[in-house]
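Colleague: Questions regarding the structure given below will be posed in turn.
The values are calculated or read from the model by the stated rules, or taken from the named source; none is laboratory data. Only a predicted model underlies this, so the values are computations on that prediction, with no experimental measurement involved. Here Cβ is always computed from backbone atoms with ideal geometry, including for glycine, and neighbour counts include all displayed protein chains. Just the protein is used for accessible areas: all its heavy atoms, side chains included, with ligands, DNA and RNA removed. Shrake-Rupley method; radii C 1.70, N 1.55, O 1.52, S 1.80 Å.
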Amino acid sequence: TAPTPLSYVARTGSPLFLESADDWTRQFPELSDLAKTVGHQANAVIPLLIDGQSIGALGMAFERPHPFTEDERAFAITLGRQCALALERARLLESERAARNDADAANQVKTQFLATMSHELRTPLNAIGGYAELLELGIHGPVTEAQRDVLSRIQRSQHHLLSLINNVLNLVKL
């Protein structure tokens with residue numbers, strides 16, 4: 001809301017060409033004293049627009065009065081467009097870098113989660129397989145054929161689950 005050429009252009013999105021101290025006094029009477037002390041009399045102030053939205057302004061100052069030709073005005077406006085595009089590209093690049101960093105961090109968390117999950121699932125599955133083998137060996141007494149069949153199914157299911165876990169982890173690594 002400041003009554004300055006830069007803030008006026010940033011707010012309105014319209015270029016402003018002040019060719020002399022008289023233009024300063026006409027456009028910004030509250031700044032006439034300041035205009036005398038800043039060391040310049042003419043200004044070209046160009047909006048920096050992205051998709052019609054003002055993201056700032058570019059100001060060029062001249063020590064002496066300067067009547068701006070149509071070519072100079074067109075050049076200044078083109079320069080403002082190019083500066084706005086450069087700033088937008090820099091913003092997009094920074095945004096892309098931040099998104100990539102976020103994705104990398106999320107990938108690290110995923111990798112850590114999968115490693116923990118793998119350990120937490122494999123440990124009891126390996127214990128189940130080990131106890132089934134001990135029972136099959138007859139450590140706790142003789143094993144009937146029906147029990148042997150059940151132990152075999154337990155071991156097949158245990159191997160199947162371990163295989164599924166390995167496949168999921170390999171797929172995630174890809």
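Colleague: At 1.567 mPa s and 4 °C, plugging the Kirkwood radius over alpha-carbon pairs of segment 37-134 into Stokes-Einstein gives what diffusion coefficient in µm²/s?
Modeller: For these conditions, the coefficient is 68 µm²/s.
Colleague: Let me ask something else. Report the one residue of 15, 27, 151 whose Cα lies farthest in the direction of the positive end of the charge dipole of the chain (charges on C-beta: Lys and Arg +1, Asp and Glu -1; origin at the Cα centre).
Modeller: So the residue furthest toward the plus end is 151.
Colleague: Got a sec to turn the phi values of segment 61-73 into Karplus ³J(HN,Hα) couplings, 6.51 cos²θ - 1.76 cosθ + 1.60 with θ = phi - 60°, whole Hz, x for Gly and Pro?
Modeller: Going residue by residue, I get 10, 10, 5, 10, x, 8, x, 7, 6, 4, 5, 5, 5 Hz, with x marking Gly and Pro.
Colleague: Starting from the 7 Å offset along Cα-to-Cβ, what nm value, one decimal, do you get for the label separation of residue 89 and residue 75?
Modeller: 2.2
Colleague: Hey, if you put +1 on the Cβ of every Lys and Arg and -1 on every Asp and Glu Cβ in segment 36-119, which of 76, 107, 65 ends up farthest toward the positive end of that dipole?
Modeller: Selected residue: 107.
Colleague: Let me ask you something else. May I ask you to give the solvent-accessible area per residue for segment 15-169, in square angstrom, as obtained with a 1.4 angstrom probe?
Modeller: 68
Colleague: Lys and Arg at +1, Asp and Glu at -1: add these up for the other residues within a Cβ distance under 13 Å of residue 132 and post the number.
Modeller: 0
Colleague: About the Cα centre of the chain, what is the dipole size in debye to 20, counting +1 per Lys and Arg Cβ and -1 per Asp and Glu Cβ, all else neutral? Walk me through the numbers before you get to the answer.
Modeller: Values: 16 positive and 20 negative charges, 125 e Å.
Its charge dipole is roughly 600 debye.
Colleague: So which residue, out of 13, 52, 141, gets the largest mean-square fluctuation from a GNM of the chain using Cα contacts under 10 Å as springs?
Modeller: 141
Colleague: Heavy atoms only, probe 1.4 angstrom, no DNA, RNA or ligands counted: give me 149, 22, 71 ranked by accessible area, highest first.
Modeller: Numbers: 149 75, 22 100, 71 125 Å².
Final ranking, largest accessible area leading: 71, 22, 149.
Colleague: What's the longest uninterrupted piece of the chain once you rule out the GluC sites (Glu not before Pro) that are loop residues per DSSP with at most 16 other Cβ within 10 Å?
Modeller: No qualifying site falls inside 64-174, the longest such stretch.
Colleague: Roughly how big is segment 102-174's charge dipole about its Cα centre, with Cβ charges of +1 (Lys, Arg) and -1 (Asp, Glu), in debye to the nearest 20? Kindly include the intermediate steps, with their values, before the conclusion.
Modeller: Numbers: 6 positive and 7 negative charges, 20 e Å.
Dipole about the Cα centre, nearest 20: 100 debye.
Colleague: From the Cα trace of the chain, what convex hull volume per residue do you get, rounded to a whole Å³?
Modeller: In the chain, the Cα hull volume divided by residue count equals 181 Å³.
Colleague: Let me ask something additional. Can you give me the C-alpha center-to-center distance between segment 33-54 and segment 101-146, rounded to a whole angstrom?
Modeller: 69
Colleague: Which ³J(HN,Hα) values, rounded to whole Hz and listed in residue order, are derived for segment 150-161 from phi using the Karplus coefficients 6.51, -1.76 and 1.60 in 6.51 cos²θ - 1.76 cosθ + 1.60 with θ = phi - 60°, glycine and proline given as x?
Modeller: Values, residue by residue: 5, 4, 5, 5, 4, 5, 5, 5, 5, 5, 4, 4 Hz.
Colleague: Could you work out what % of the accessible surface of segment 63-162 is carbon and sulfur, using a 1.4 angstrom probe and leaving DNA, RNA and ligands out of the count?
Modeller: Numbers: 4610 of 7630 Å².
The nonpolar share, carbon plus sulfur, comes to 60 percent.
Colleague: Here's a follow-up. Which of 142, 67, 29 ends up with the largest GNM mean-square fluctuation for the chain, with Cα atoms connected below 10 Å?
Modeller: It is 142.
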